[in-house]
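Trainee: Structure in structure tokens, see below.
The values are calculated or read from the model by the stated rules, or taken from the named source; none is laboratory data. In this text the structure is predicted, and so the values were computed from the model without any measurement. With ideal geometry, Cβ positions are generated from the backbone for all residues, glycine too; neighbour counts draw on all protein chains shown.
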Amino acid sequence: MLVLFSLHIPAAPAQDARLSPEYLAGRRSFSGSEGCGSGDYALFRENSTLELGSGKTAGMSGFWQLSNDTITLHMLVAPRGVNTPHPLYQDSYYYQYRAAQVLNTRPDAFDVSIGVQPAPGTQYTLTRCP
């Protein structure tokens, strides 16, 4: 009887992969788990602020909002120091708006499409960093 009882002990629940603000919170890599230390990243903070950058350097910061399967991003983009100067914003910060449609969620990663709807845009996979 004891053997049968031990077979019915539930295993530890799997990590929830439902899209929510709690699920998004944390640092995410654009190049898999191997890119967590030095690659391109997105940092979704619990207070709905956002940082995007490469390695340890932020290139954009702003705010994010989740609505259904879309992450709306409002960002201030830092000057990039491009070789060919742009006459209007070469050395200036500028505002950028993006809507990222979440296509698929998994416990440690999610896929998004950024671009003109309804046509598919550029797709990325963001992997949770430790």
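Trainee: Looking at N47, N68 in this structure, which one is modelled with pLDDT of 95 or more, surrounded by fewer than 12 Cβ atoms within 10 Å (Cβ to Cβ) and more than 12 Å from the chain's Cα centre (by Cα)?
Mentor: Values: N68 fails: modelled with pLDDT of 95 or more.
Being modelled with pLDDT of 95 or more, surrounded by fewer than 12 Cβ atoms within 10 Å (Cβ to Cβ) and more than 12 Å from the chain's Cα centre (by Cα) holds for just one of N47, N68, which is N47.
Trainee: Those residues that are in a loop (DSSP other than H, G, I, E, B) and either at pLDDT 95 or above or closer than 15 Å to V102 by Cα (or both), I need them from the stretch 16-44; list them, please.
Mentor: A17, R18, L19, S20, A25, F30
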